[in-house]
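Below is one structure, written out as structure tokens; the observations come after it.
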Amino acid sequence: MATTGTPLALTGGTVYVSPTEEPIRDGVVLIRGETIAAVGSRASVEVPEGARTVDCSTSTITAAFWNSHVHFFERKWADAAAIPAPELGRQLQEVLSRYGFTSVFDLSSHWENTRQIRDRIASGEVPGPRIRSTGDGLVPPGAVPSEQVLGIMGIMATPLPEITDAAQAAAASRKLLDAGVDGIKLFASSPRGGLLPHGAIEAAANEAHRSGKPVFVHPNTGADVLAALRGGADVIAHTTPRSGPWDEAILTAMKERRAALTPTLALWKFFLRHDRISIQESLVNTAVGQLRAWLGAGGTVLFGTDLGAVDPDPREEYALMAEAEMSFRQILASLTTAPAERFGGAALLGRVAPGLQADLVVLNRDPSKDVRALADVRYTLRGGQIVYPAGA
Ligand SMILES: [Zn+2]
């Protein structure tokens, strides 16, 4: 582990300082304490005597990643204050740090519990990502599955605020915001067809926006997406493959609202893993088409997987984003600069530049040749500390 006193130099790698600039070949990233002190070619950055050096000559270095759609709602996170620190650290590493994620947005989980995880990481007790959370998501009445179904899904049975009118949506949002959440999440409809009452999204969004916090909406249909955008949503939390392609009305509303999308493409394949391959392919292709249309209309994309409901390995999500004709640089932006800008972290995160936090990923292979390489992580650094692999 890098100590605060000893500078750390990552030498010889290909460094993507941002998604838009040409990479530095045979580059050096010099880290002092939590921050990046210098970045440039080997000739331009002087490595101080006594610095710890890591040879990265066969590696690619980028800013560390954001997963903008995760959930800390699985049973393994329950009673977070009581999980022994080494075990909590291992659990976080297994699903996040080992894939390069040092920032996440949790889009519905029990806030009192998730706050414990966040605080134990923030205090330095447990290595892990920077956690933002919406806390408990707001749902239409009857939307939460039975305890038995939640048990099979591996999800803690904690009640979510059921919303029956707009005033209640405002009050529930205000309560969460007062309790310190970083955004508000609403489920526009239940899988069984129940809808949030008229005006609920707008009422909740007004409260969130008054506090300068973003609003996320889980849609099940294209109509839900439209309702979310018209109600003031900042982020659409999924594509909606069961409802067919997205039309001009949705894309126009997206542009007016300047909304972002977490596509969660691999989620559909995972949900349908017990179904016939032709059914899986048909739905995934529809979702890929929705993402392609969103990009074609100039929409912002934030990388997000719905971690907690899917396999933690993000490589298939990267491959499906590429299928939607996202370039490596666009995918890198969805992992770094786009979420940092959207969630107000761009002054400290998202690029490899002097003065920014040393949140970095060292990859074994060049992802510009194969985007799946974004999941082939050699090291993950958060604030200058190597958090993956443990003990490095
Ligand atoms: Zn989700």
Exercise. Tell me, what ³J(HN,Hα) does each residue in region 156-167 have, in order and in whole Hz, if you take phi through Karplus 6.51 cos²θ - 1.76 cosθ + 1.60 with θ = phi - 60° and put x for Gly and Pro?
Worked result: 4, 8, 10, x, 10, x, 8, 9, 10, 7, 5, 4
For this session: Rounding to the nearest 20 debye, state how big the charge dipole of region 210-296 is about its Cα centre with +1 on each Lys and Arg Cβ and -1 on each Asp and Glu Cβ.
Result: 240 debye
Exercise. When only DSSP loop residues count, what trypsin sites (Lys or Arg not before Pro) in region 340-392 have their Cβ near at most 14 other Cβ atoms within 10 Å?
Worked result: Lys369
Exercise. Going 7 Å from the Cα of Ala390 in the Cα-to-Cβ direction, what parts of region 54-85 have a backbone nitrogen less than 11 Å from that spot?
Worked result: 85
Exercise. On average over all directions, what projected area in square nanometres does region 308-363 have, based on the convex hull of its Cα atoms?
Worked result: 5.0 nm²
For this session: Just the ratio, please: alpha-carbon radius of gyration of the chain over 2.2 N^0.38 Å, N its number of residues.
Result: 0.98
Exercise. Can you list the GluC sites (Glu not before Pro) in region 279-348 that are in a DSSP coil and have 16 or fewer other beta carbons within 10 angstrom?
Worked result: Glu325
Exercise. Could you name the lysines in cross-link range of Lys175, using Cα to Cα under 27 Å and dropping any fewer than eight places away on the same chain?
Worked result: Lys76, Lys185, Lys213
Problem set entry | Computed [θ] at 222 nm, deg cm²/dmol, the chain (DSSP H ≥ 4; -39,500 (n - 2.57); rounded to nearest 500) | -9500 deg cm²/dmol
Seminar exercise, completed: Checked region 222-280 against the a/c 1.5 cut and the a/b vs b/c comparison, axes a ≥ b ≥ c from its Cα gyration tensor; verdict prolate
Seminar exercise, completed: Restricting to Cα pairs under 8 Å and 6 or more apart, the percent relative contact order of the chain works out to 20 percent
Problem set entry | Extended-chain gain in nm, criterion 0.36 nm per residue less alpha-carbon gap, Glu147 and Ala297 | 49.9 nm
For this session: Report ³J(HN,Hα) in whole Hz for each residue of region 39-49, in order, from the Karplus equation J = 6.51 cos²θ - 1.76 cosθ + 1.60 where θ = phi - 60°; Gly and Pro get x.
Result: 8, x, 5, 4, 5, 9, 10, 8, 8, x, 4
For this session: Treat each spin label as a single point 7 Å out from the Cα along the C-beta direction, and report the Ala157 to Glu325 distance in nm.
Result: 4.8 nm
For this session: Along each of the three principal axes of the Cα atoms of region 1-98, give the extent in whole Å, ordering the values from largest to smallest.
Result: 51, 33, 21
Exercise. On the first, second and third principal axes, largest extent first, how far apart are the outermost C-alpha atoms of region 271-365 in Å?
Worked result: 51, 30, 25
Exercise. Using a 1.4 Å probe on the protein chains only, how many percent of the accessible area of the chain belongs to carbon and sulfur?
Worked result: 50 percent
Exercise. In Å², what does the accessible area per residue of the chain work out to with a 1.4 Å probe?
Worked result: 40 Å²
For this session: Quote the FRET efficiency, to the nearest 0.05, computed for Asp178 versus Asp370 with a Förster distance R0 of 35 Å and r equal to the Cβ-Cβ distance.
Result: 0.15
Problem set entry | Residues Arg230 and Ala122, FRET efficiency given R0 of 30 Å [Cβ-Cβ distance, rounded to 0.05] | 0.25
Seminar exercise, completed: Sparse-neighbourhood loop hits (GluC sites (Glu not before Pro), region 31-61; DSSP loop; Cβ within 10 Å at most 11 others) -> Glu49
Problem set entry | Descending semi-axes in Å of region 37-164, equivalent ellipsoid built from Cα gyration tensor | 38, 16, 13
For this session: With a point put 7 Å past each Cα toward its Cβ, work out how far Val47 is from Ser282 in nm, to one decimal.
Result: 5.7 nm
Exercise. Just going by the charge dipole of region 84-231, with Lys and Arg at +1 and Asp and Glu at -1 on Cβ, which of Pro86, Ala179, Ser103 is farthest out on the positive end?
Worked result: Ser103
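The values are calculated or read from the model by the stated rules, or taken from the named source; none is laboratory data. Because the structure is predicted, anything quoted here is derived from the model rather than measured. Don't worry about glycine lacking a Cβ; one is built from the backbone with ideal geometry, like all the others, and counts go over all protein chains shown. The protein model used for the area step is the full one, side chains on, heavy atoms only, and it has no ligands, DNA or RNA in it. Shrake-Rupley method; radii C 1.70, N 1.55, O 1.52, S 1.80 Å.
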